[in-house]
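These notes are about the structure you will find just below.
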Amino acid sequence: MKCPLCGNTAEFFTTGENREYQLCDLCGLIFVPPRFHVPIESERKRYREHENSLENVGYVDMFMKKVSLIKKYCPKIKTVLDFGCGYEPVLKILLEREGLKTEIYDSIFFPDSPKNKNFDLVISTETFEHLKNPFQDINWAADYVAPSGFLAVMTRFYPSENGKPSKEKFSEWYYKRDPTHIVFYSSKSFHWIADKMGFQIILNNQFDFVLLQRPAAH
């Protein structure tokens, strides 16, 4: 089976949750084959079950920890695209409180293409794990990053041991139990993405957050 990120031939990795997981040795992606994907209506219903609101203190705190990192590593940014904002764009509100002009995009809830074509920062939180066509979608998001701009990605990295995917830890990993989570990344995956897009990784916490930068225009 072809890897949906790099196109390399992937191999069977393991099973669980009544579905199969494939592993790509080239880019390190673990993914669920399309025949196990849930229908779009089930996906939409699942997203609406999430308590994504300003009243959810833990949810807001999760965002603010990432916003503080962005302020530290990207102090001069002024415009932001929230890629995959969900049905209630809480992050947009938080970023605008920080003085950042923010537009939103979500393939299900806000499918209109952004008005602006260049953003100082494109940020995607808890979205990359849902992408059915990760190569196409990540490139689409990256195209909105201005020269010298940033792409920030928050998604939980799958468990590994000695630099390799751990079947034992993966089998117990809570993050894969969500039926809408169909692609899982590692540091290796983001190095492949950065190399392919010509970006540079400037922050990788090896857990759930990567910050990449586009080179300056020549």
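The values are calculated or read from the model by the stated rules, or taken from the named source; none is laboratory data. All values derive from a computational prediction rather than experimental measurement. As a convention, Cβ positions derive from the backbone with ideal geometry for all residues, glycine included, and neighbour counts pool all protein chains shown. Quick note on the areas: whole protein, heavy atoms, side chains included, nothing else; ligands and nucleic acids left out. Shrake-Rupley method; radii C 1.70, N 1.55, O 1.52, S 1.80 Å.
Listed by chain and number, the aspartates and glutamates whose C-alpha is less than 14 Å from the C-alpha of Lys196, apart from same-chain residues fewer than 8 away, are Asp137, Asp143.
Of Lys115, Lys132, the residue with the largest accessible area leads and the full order is Lys115, Lys132 (1.4 Å probe). Cysteine residues of the chain whose Cβ has no partner cysteine Cβ closer than 4.7 Å: Cys74, Cys85. On full extension, the segment bounded by Leu26 and Phe110 gains 26.9 nm, given 0.36 nm per residue less the C-alpha separation. Heavy-atom accessible surface of region 109-152, averaged per residue, reaches 41 Å², computed with a 1.4 Å probe. Here, region 9-128 has an Rg and a Dmax of 17.1, 47 Å when only alpha carbons are counted. Annotated for region 67-169: lysine pairs at least 8 residues apart or interchain, Cα distance under 18 Å, count 14. Take 205-212, 189-196 and order them by the average number of nearby Cβ atoms within 10 Å per residue, most first; the result is 189-196, 205-212. The distance between label points at Lys196 and Glu49 comes to 3.0 nm (points 7 Å beyond Cα on the Cα→Cβ vector).
You can think of it this way: the chain between Glu17 and Tyr73 has 16.3 nm of extra reach, that is 0.36 nm per residue less the Cα-Cα gap.
Look at the alpha carbon pairs under 8 Å that are at least 6 residues apart: their mean separation over the length of the chain gives a relative contact order of 19 percent. Estimated from helical segments only, the mean residue ellipticity of the chain at 222 nm is -8000 deg cm²/dmol, where each DSSP H run of four or more residues counts as -39500 (n - 2.57).
For Lys117, the solvent-accessible surface with a 1.4 Å probe is about 120 Å², rounded to the nearest 10.
Between Val57 and Asn133, the modelled labels are 4.3 nm apart [label points 7 Å from Cα along Cα→Cβ]. Using every pair of distinct Cα positions in region 141-201, the Kirkwood expression returns a hydrodynamic radius of 13.4 angstrom. Annotation: Met64 carries an accessible surface of approximately 60 Å², with a 1.4 Å probe and no ligand, DNA or RNA atoms counted. What is the distance in Å between the Cα centroid of region 142-168 and that of region 170-218? So the separation of the two Cα centres works out to 1 Å. Extension gain, Thr9-Asn204: 0.36 nm per intervening residue step, less the Cα-Cα distance, totals 67.5 nm. Note on region 44-84: percent of Cα-Cα distances in each 10 Å bin, starting at 0 and stopping at the bin with the largest distance, equals 23, 44, 27, 7.
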